[in-house]
Structures are given as structure tokens and as C-alpha cells.
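Peer 1: This structure is in C-alpha cells; I'll ask about it shortly.
The values are calculated or read from the model by the stated rules, or taken from the named source; none is laboratory data. Small disclaimer: the values here were computed from a predicted structure and weren't measured. Cβ: placed from backbone, ideal geometry, glycine included. Neighbour counts: every protein chain shown. The protein model used for the area step is the full one, side chains on, heavy atoms only, and it has no ligands, DNA or RNA in it. Shrake-Rupley method; radii C 1.70, N 1.55, O 1.52, S 1.80 Å.
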Amino acid sequence: MRVTVGVSGGIAAYKAAELVRALQRQALEVHVVMTKSATRFIQPLTFAALTGHKVITSLWDETNSTEGEYDSSIEHIGEAQWAEAFVVAPATANILAKFAHGIADDFLTTMYLATQAPVLVAPAMNVNMWEHPATRANIEILRQRGVRVIEPGTGDLACGMVGTGRMAEPDAIADAVLNSLGRRHDMAGEIVMVTAGGTREALDPVRFLGNRSSGKMGYALADAAQSRGAKVVLISGPTSLHPPSHCELIKVVTADEMRTAVLARMKDVTLVIKAAAVADYRPVSISDHKLKRTGPLTLELAPTEDILAEVVRRRSPGQLIVGFAAETENRMENGRAKLLRKGADAIVVNDVSNDGVGIDADLNAATFLTKSTAIELHEMPKRKLADRILDEILALRRPRSLVVETGESAGGHPTQEQVLSQSDAPTGSRRQLIVE
Ligand code: CTP
């Protein structure tokens, strides 16, 4: 998604660089437009380097072309159409006044009139200017027009006074932008470890034992968690996929390397999602030369460590641990047994017996299994499924939900639904109601 950040001339202009970074961490594409006076506080070059795009500072500058982003030579119109959100941070008293009265005498103010995208302003100014009736009136006009005002904070101001007028923090502004774009931002504060792809166990310098896992499901989960505000550590077996930008990628090859990486980082995370297809066996010895074809060959294999079970044993309080189960038969039975054996909070059970769905495919269907629930997630693209899985994981974090029994009265007639107890009550005729 695309955001234009407008920077006007105030001391807080330097914080706009942090805002650009915060938006980019959410995988948003960012352009920057500056007023002339903003360029006195911070160099356009700073924003050009951060965004990889030219920074627009004037209506008339012929070098303003933002290559290939739009065709129109009337740049304020092009930029106004390009942006899916327009956020001005800092917004000076002067910019607020111009916006309120439709004065369009530079690129930034012209863009405000030309855009139909949601507009957000993060005011920053001296307390007396903020409290002046002219500014109050302008803010009121803008609010009524649907402009989202991100309130300034109170504290020491650059002018030496104390009061309201400090620009809101860049992360809070970024959150408001994400909200205005309709993006869910419900994983802010979570640090998520995702394991993805298959591991490879070498037989000799050129051969390995592996599996068909493409890593697509794990990468989709990493991307979904990141775009919902989580920090992501992606521990990946070999794959040809591009990792989501801004996530920390740790590349591994063998099950043992994956185990070392997972254990090294697990203390830092709030949620572990083990989507990787980890080898269950590795050759007892690895030949240091290429094995020759000399007749039948018997391989001796030793089991690998079960990383998921180990993660559960070493978990810290509050950490959620979710595993995957790839099954070709007796899906639910095997999935349930795996959930209990491994002790995870949930297991995402995949049926990998059909081509086109599951392993190495773009579509997937799954059952999200906990000790007390089984939620069917029907066939859909893996990226969409990733969001559904995260929805269910987050539901485990919510305050415990109420359970309602659709039981029968002594006379055999259905009773009204009755609130019984908390969600970790045993299942049976009960169904779960999530109380938000
Ligand atoms: N897993 C793991 N370490 C292993 C094997 C599996 O952490 N050595 C994890 C996987 O990442 C997955 C879950 O355990 O989250 C289940 O993997 P799966 O291959 O379905 O099950 P296995 O434990 O290998 O059991 P089986 O092969 O007998 O079905």
C-alpha cells in the first residue's frame, strides 16, 4: 500500500524520518513531499535515501518526476492519485491554516486539495500557537471535513516552554495511518518466530534427504504477522522464496541447524509458529566423497531431535507455541495425538495427500486444533489462510471466553443457551462463544 508523507517546517521534521521507517516496516511504500521551510530543518536527501524515491519540494521543479509511478506531468495530481493515505507530520500551524482555507501555494498544499485519500495531520508547534483560537478553529474545520488529527503530546517544547504541542510519536502516527488504510494492526508488540521450509540432511557432498516443502505457508505467516504489526524472526530451510522485507531472516539447512537457531532465539519471542517440515531422520554418517553406484545401498538413519517438543519444554510463561502437522491419513486422529504428544497450544493440521493443496502448493486447507476446539479452515490461498491462522492464535490470547451449553432440560426439551464456565472447560455438547 502507498503512503505520501508530507513534511512541513518545524523542529519535529527530523522525526518524519522515523515515521518513514515505521511505515516501511509495515511494508508500505512511502513517498515524501516537503515544504520549502521543511527543507531548512532536514535535507530532502535523507528522505530520498530512505524511500528510494525523489522527494518533491516544489510545484515547479522539473526534476520532480518520480520515475514510472504515474504518467501525468501534472505531478500534484499524479501524487494525489498515487497515495492511498496522505499524512502530514509535522503539520505546522501555517499548514493547518492553509488546509483549512484551501490555500494551495506549494506542492504539499496543492496535493491536499487534489487527493481523495484519507488525510491525517500530526500537529507540532508552540503551546500558545496550538491553543490560539485561530488554530483551534482550523483544527475544528479540518476535523469536520474528515481529516484525522493525531493529537500532539504534552511536555517540554523546542521553544523552551512546557505544554501541549509536541508531535505525537512516529509509531503512534504510523498506527493511525495503518488504521486509516483499514489494515489490521492487532499484532503490535508480538515478536513472532516462524520456522519455514524443509530441512536437508546431507548424504554426501552432492546429495541430501529432503522433502517437498516449499516454505510458502511459513513465508505467508511471516508476511501476515509482520503486516499486522509483529516483529518477525523467520528461520528458514532452503527455498527460492523472497522473505518479507524487514523481517529477520535466519537461513539454515539441516534439522540440527534449525534446532540451534530456534533455541538461540526463542527467549526473545512471544509466539512460536513451527511451520517447517523438519526432517525426522538424518544419515548416521555423511560420506565425504560422492557415493558411487556399486549395487544396492542401505542407509542407516538416526532420528533428529523433535524441536517443537523441546521448545514446549523450554517455553517461558506467556509464550504461545503453535505447531503444524502434515498428515496423509487419519488427519484428525493423528493431529490430536500430535497436539497432546508435543504439548503445543495448537496444531494446524494439513492434509497433504492431495495435489494442488498443501505441500508445495499455493492453496491450503487446514484444521486449527486446540485441546478443546477444532476449527475448519477451508481451502484458500496460503496468504489468506495465514491471516485466518493468526486470527485463531490471537483468539487464544484474548481474555478467556465464555462457553455456552446447548443442552437439554430434564424433560428432554432443549433449554435456552446457558452461560456455563470459562473456555477451558471440557468439550462435549458445548460450543464456544468468543466474547470480545
Ligand atoms: N517438528 C519439529 N522437529 C522435528 C520434526 C517435526 O519441530 N524433528 C515439528 C514441525 O515443525 C511441525 C510438527 O513438529 O510443527 C509436526 O511435524 P510433522 O512432520 O507433521 O510430525 P512429526 O513430529 O515429524 O511426526 P510424524 O512424522 O510421525 O507424523
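Peer 1: If you scan the range 279-289, which residues turn out to be part of a strand (DSSP E or B) and either in contact with a helix residue (DSSP H, G or I) (Cβ under 7 Å, 6 or more places away or on another chain) or β-branched (Val, Ile, Thr) (or both)?
Peer 2: Hit for the range 279-289 is 282, nothing else.
Residue-by-condition table, conditions (1) closer than 22 Å to residue 319 by Cβ; (2) surrounded by fewer than 23 Cβ atoms within 10 Å (Cβ to Cβ); (3) away from the ligand (no atom under 14 Å from the Cβ):
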| position | (1), (2), (3) |
| --- | --- |
| 208 | no, yes, yes |
| 211 | no, yes, no |
| 216 | no, no, yes |
| 229 | yes, yes, yes |
| 240 | no, yes, yes |
| 265 | yes, yes, yes |
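Peer 1: Next up: How about the range 143-170: which of its residues are surrounded by 15 or more Cβ atoms within 10 Å (Cβ to Cβ) and not β-branched (Val, Ile, Thr)?
Peer 2: Selection gives 148, 152, 157, 163, 165, 166, 167, 168, 169, 170.
Peer 1: Considering only residues of the range 218-227 that are touching a strand residue (DSSP E or B) at 6+ places or on another chain (Cβ under 7 Å) and over 16 Å from residue 308 (Cβ atoms), which is farthest from the ligand (Cβ to nearest atom)?
Peer 2: 226
Peer 1: Here's another thing I want to ask about it. Here is a check on your reading of the model: is residue 305 more than 16 Å from the ligand (Cβ to nearest atom), modelled with pLDDT of 95 or more and farther than 25 Å from residue 189 by Cβ?
Peer 2: No: the conditions fail for residue 305.
Peer 1: Sticking with this one: Within the range 285-302, does at least one residue satisfy the condition of being out of contact with any Gly (no Cβ under 6 Å at 6 or more places or on another chain) and within 12 Å of the ligand (Cβ to nearest atom)?
Peer 2: Checked against the condition, which is being out of contact with any Gly (no Cβ under 6 Å at 6 or more places or on another chain) and within 12 Å of the ligand (Cβ to nearest atom), the range 285-302 yields at least one hit.
Peer 1: Any idea which of (1) out of contact with any helix residue (DSSP H, G or I) (no Cβ under 8 Å at 6 or more places or on another chain); (2) charged (D, E, K, R); (3) closer than 27 Å to residue 396 by Cβ is the one residue 355 doesn't satisfy?
Peer 2: Answer for residue 355: the failing condition is (3).
Peer 1: Can you tell me which of (1) aliphatic (A, V, I, L, M); (2) closer than 23 Å to residue 387 by Cβ; (3) crowded, with 17+ Cβ neighbours inside 10 Å is the one residue 188 doesn't meet?
Peer 2: Result: residue 188 fails condition (3) only.
Peer 1: Moving on. More than 12 Å from the ligand (Cβ to nearest atom), farther than 21 Å from residue 210 by Cα, open to solvent by 40 Å² or more (accessible area, probe 1.4 Å) and modelled with pLDDT of 95 or more, is that true of residue 397?
Peer 2: no
Peer 1: Scanning for something open to solvent by 20 Å² or more (accessible area, probe 1.4 Å) and on the phi > 0 side of the Ramachandran plot, does the range 281-298 turn up at least one residue?
Peer 2: yes
Peer 1: Can you tell me which residue among 172, 158 is in the same structural domain as residue 116 (by TED's automatic domain parsing), among the aliphatic types (A, V, I, L, M), modelled with pLDDT of 90 or more and not in a strand (DSSP E or B)?
Peer 2: 172
Peer 1: Continuing with the same structure: If the requirement is being surrounded by 14 or more Cβ atoms within 10 Å (Cβ to Cβ) and out of contact with any Pro (no Cβ under 7 Å at 6 or more places or on another chain), which of these qualifies: 326, 302?
Peer 2: From the options 326, 302, the qualifying one is 326.
Peer 1: When you go through (1) at pLDDT 85 or above; (2) part of a strand (DSSP E or B) one by one for residue 336, which number turns out not to apply?
Peer 2: (2)
Peer 1: Next question. Does residue 49 qualify as being modelled with pLDDT of 95 or more, closer than 30 Å to residue 191 by Cα, small (Gly, Ala, Ser) and in contact with a Phe, Trp or Tyr (Cβ under 6 Å, 6 or more places away or on another chain)?
Peer 2: no
Peer 1: Can you give me the number of residues within the range 357-375 that are assigned to a loop (DSSP other than H, G, I, E, B) and either open to solvent by 50 Å² or more (accessible area, probe 1.4 Å) or within 11 Å of the ligand (Cβ to nearest atom) (or both)?
Peer 2: Total meeting the criteria: 4.
Peer 1: Further question on the same structure: Can you tell me which residues in the range 267-284 are within 11 Å of the ligand (Cβ to nearest atom), under 30 Å from residue 297 (Cβ atoms) and not aliphatic (A, V, I, L, M)?
Peer 2: 280, 281, 282
Peer 1: Let me ask something else. Any chance you could count how many residues in the range 16-39 are outside any strand (DSSP E or B) and over 11 Å from residue 174 (Cβ atoms)?
Peer 2: Qualifying residue count, the range 16-39: 8.
Peer 1: Scanning the range 317-336 for residues that are more than 9 Å from the ligand (Cβ to nearest atom) and hydrophobic (A, V, I, L, M, F, W, C), which turns out farthest from residue 211 (Cα to Cα)?
Peer 2: Among them, the one singled out is 320.
Peer 1: Show me the helices (runs of 4 or more DSSP H) entirely contained within the range 71-125 in which 2 or more residues are more than 19 Å from residue 54 (Cβ to Cβ).
Peer 2: Those helices (runs of 4 or more DSSP H) span 93-101, 107-114.
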